[in-house]
Every structure is written in structure tokens, then in C-alpha cells.
Ligand SMILES: C[S@@+](CC[C@H](N)C(=O)[O-])C[C@H]1O[C@@H](n2cnc3c(N)ncnc32)[C@H](O)[C@@H]1O
């Protein structure tokens, strides 16, 4: 359809098309397609750029090989994470998630790492499916959760959960993962989570809050160091998190602020739910006493451990 024949309803589509065409021209310059490309035009033929998911895999495989526990959870700045503290943190997170599961629940963990949380949560649900982009993480997860019979691990990217049919899970969660994805990939991951959740089912996700002092400083430091690895942190404002969740088809029902490795609350933790019917907004889930909802005002605070 030409711009001139646009109806009122298609006006936004036409505008988006025009913007994308402009950006497409700019980003099709030689070297711009590769996230690690130099932007320098080279007439020498090179291997096709690795896909974003392949870059995540490579980076996280390398991190897992170096020190998986510290790559997943850095408890003391600059110091390696010890097993006991790592395990205790996993138990603590599993305890917080227990209110969403029952003995009948089929649960999805997105970006499970070495099974820190799954080791403790699996016994409270019927079946726990855990995905991660890294073969090295998955191999360690099988060892870490040895003896836990109802957890299954799958290697795939959060952006592609096509191994699971629509409407499969009673609950999904993703801790310390979306912050390591490009914003667009976080959106794709959340859209996949929405697709595989059963109608009306909840999910819990978390984002590092850019406006917290510790993450504002981390953002500036990361920018200055020119760290552009695929595994680097991405920071969120509350507005950005809310918008991406909404675009992905998830409705926010609870927002909490938690402190993670900092004095001040620096993590946005959100309970969301998939709409009861596709294409319709999700309804409210019961909030625990004291928890804030978007309607009830400011975020609640608590410790994230
Ligand atoms: C900081 S760790 C958190 C692990 C786990 N959620 C936990 O809390 O213990 C981040 C994990 O996300 C995984 N990851 C990174 N990018 C991913 C992607 N695109 N799809 C799935 N998993 C990904 C990494 O391999 C790593 O295991």
C-alpha cells in the first residue's frame, strides 16, 4: 500500500515502514550487520557473521569454562563465588518462587545456568524444564542437580522456545538472564515466554534498575571500558521494562524492588501474566500481603538473595 492510500488504521504501519527503510539503508552499510563488525568496508570476502544466539553461546560457554559459579552470581566484588554461598542463594530464590508452584505444576526456567535454583525448586513441582543457550552451562547443570529426577535441561536460546508447544507451562521464571540480552532479544524471549505459558499463567522476571546508584555507576563503567561482549549487562528503567513486557503480550501484576549485591534496592522484579485469551490483556493475580501492584503505587522493597 502506498503512503497516499493509507487508511487511518494503517498510518502507524506506514510510518514504521518508512523509519525501518531509512534505518535499513544505514545499517546495510558494510560491516554494520556484524555486531562485532568494525564498520570498515572490506572487499575481502569474510565468513558470514555469527548469529546473536551463537554469540551468546560462545561467550557463555567461555564464562562457564573459566568459572561458572562466579559468572552466574558474583557475591563479593572481585572474589570467586564459593559453592556453599552459591547453593544457599539458589535455595533462597527457590523458596521465593514456591508460591507460584504446586505439586501439579509444569514449570519453565529460562536461562538456568548450572541449575542453581532448579536444584531446590524441582521437588515442589511436577516437571521442571530448564533451558540455556550454553552447552557448558547445561553440562554443569546436569552434574549440579544430579539425583533430582524431575528436572530436564534443553539447549536453546531464550529467543527460540519452539521446542515447546503453545500453552505448556503453569509458571515460568528467568533470573539474571534478560539483563544479558540485547533489548530486542529480551523482547523476543518474553514473547516466547508469553506463548508457552498457559492462558492466565504467571511468570517472574527481573531487570537491573538503571536508576539505582550501583547500576548507574556500572553502566558508565561498562560504557567507558568499551565492553561490547554479548554477555554484558543491559540496564532497564521501569518504563522500559514495562513497555517491553507489554509489547511481548505480558501484563504486569506485581512489581518489587530488591537489593542484590548493594545496599539500595537495585533490581526490578516483576510478576507478569499471560492474557487469559490471546490478544486480550491479562488479569490480576493475587498478590502476597504487602506487595505493590502497578495500581497500588510505589514498588515494594525487599532483599533479593
Ligand atoms: C547470570 S547467569 C544466571 C543463571 C541462572 N538463571 C541463575 O540465576 O542461577 C545467565 C545465564 O543466562 C544464559 N543465557 C545467556 N544468553 C542466553 C540466551 N540467549 N538464551 C538462553 N540463555 C542465555 C547464560 O548461559 C547463563 O547460564
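The values are calculated or read from the model by the stated rules, or taken from the named source; none is laboratory data. The structure presented is a predicted model; accordingly, all values stated were derived computationally and were not measured. Methodologically, a virtual Cβ is constructed for each residue, glycine included, from the backbone with ideal geometry; neighbour enumeration extends over all protein chains shown.
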If we scan the stretch 135-145, do we find a residue that is outside any helix (DSSP H, G or I), near the ligand (Cβ under 9 Å from one of its atoms), touching a residue at least 24 places away in the same chain (Cβ under 8 Å) and touching a helix residue (DSSP H, G or I) at 6+ places or on another chain (Cβ under 7 Å)? no
Counting only residues that are surrounded by 19 or more Cβ atoms within 10 Å (Cβ to Cβ) and either assigned to a strand (DSSP E or B) or in contact with a helix residue (DSSP H, G or I) (Cβ under 9 Å, 6 or more places away or on another chain) (or both), the stretch 87-105 contains a total of 5
When you check residue 13 against the structure, is it modelled with pLDDT of 95 or more and assigned to a helix (DSSP H, G or I), yes or no? no
Can you find a residue that is within 16 Å of the ligand (Cβ to nearest atom), modelled with pLDDT under 95 and within 19 Å of residue 185 (Cβ to Cβ) anywhere in the stretch 18-35? yes
If you check residue 162 against the conditions, is it closer than 28 Å to residue 248 by Cβ and touching a residue at least 60 places away in the same chain (Cβ under 8 Å)? no
Residue check, residue 100 against (1) more than 10 Å from the ligand (Cβ to nearest atom); (2) without any contact (Cβ under 8 Å) to a residue 60 or more places away in the chain, all met but one. Which one? (2)
Can you find a residue in the stretch 148-159 that is within 8 Å of the ligand (Cβ to nearest atom), within 15 Å of residue 203 (Cα to Cα) and either crowded, with 23+ Cβ neighbours inside 10 Å or under 13 Å from the mean Cα position of the chain (by Cα) (or both)? yes
Odd one out for residue 106, checked against (1) within 11 Å of the ligand (Cβ to nearest atom); (2) touching a strand residue (DSSP E or B) at 6+ places or on another chain (Cβ under 6 Å): (1)
The listed residue being touching a strand residue (DSSP E or B) at 6+ places or on another chain (Cβ under 8 Å), more than 9 Å from the ligand (Cβ to nearest atom) and touching a residue at least 12 places away in the same chain (Cβ under 8 Å), out of 112, 125: 125
Could you tell me which residue of the stretch 36-60 is modelled with the highest pLDDT, considering only residues that are surrounded by 14 or more Cβ atoms within 10 Å (Cβ to Cβ) and in a loop (DSSP other than H, G, I, E, B)? 50
Selection from the stretch 63-76 of residues closer than 22 Å to residue 208 by Cβ, more than 10 Å from the ligand (Cβ to nearest atom) and in contact (Cβ under 8 Å) with a residue 40 or more places away in the chain yields 75
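For residues that are touching a strand residue (DSSP E or B) at 6+ places or on another chain (Cβ under 9 Å) and surrounded by fewer than 23 Cβ atoms within 10 Å (Cβ to Cβ), scanning just the stretch 178-188, find the one that is nearest to residue 58 (Cα to Cα). Talk me through it step by step, then tell me what you get.
Applying the first criterion (touching a strand residue (DSSP E or B) at 6+ places or on another chain (Cβ under 9 Å)) to the stretch 178-188 yields 178-179, 183, 186.
Still in the running and surrounded by fewer than 23 Cβ atoms within 10 Å (Cβ to Cβ): 179, 183.
Numbers: 179: 17, 183: 19 Å.
Here the answer is 179.
Could you check how many residues of the stretch 123-137 are farther than 23 Å from residue 194 by Cα and more than 17 Å from the chain's Cα centre (by Cα)?
Residues in the stretch 123-137 being farther than 23 Å from residue 194 by Cα and more than 17 Å from the chain's Cα centre (by Cα): 3 in total.
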Are any residues in the stretch 189-229 buried (at least 23 other Cβ atoms within 10 Å of the Cβ) and free of Cβ contacts under 8 Å to residues at least 24 places away in the same chain, and if so, which ones? none
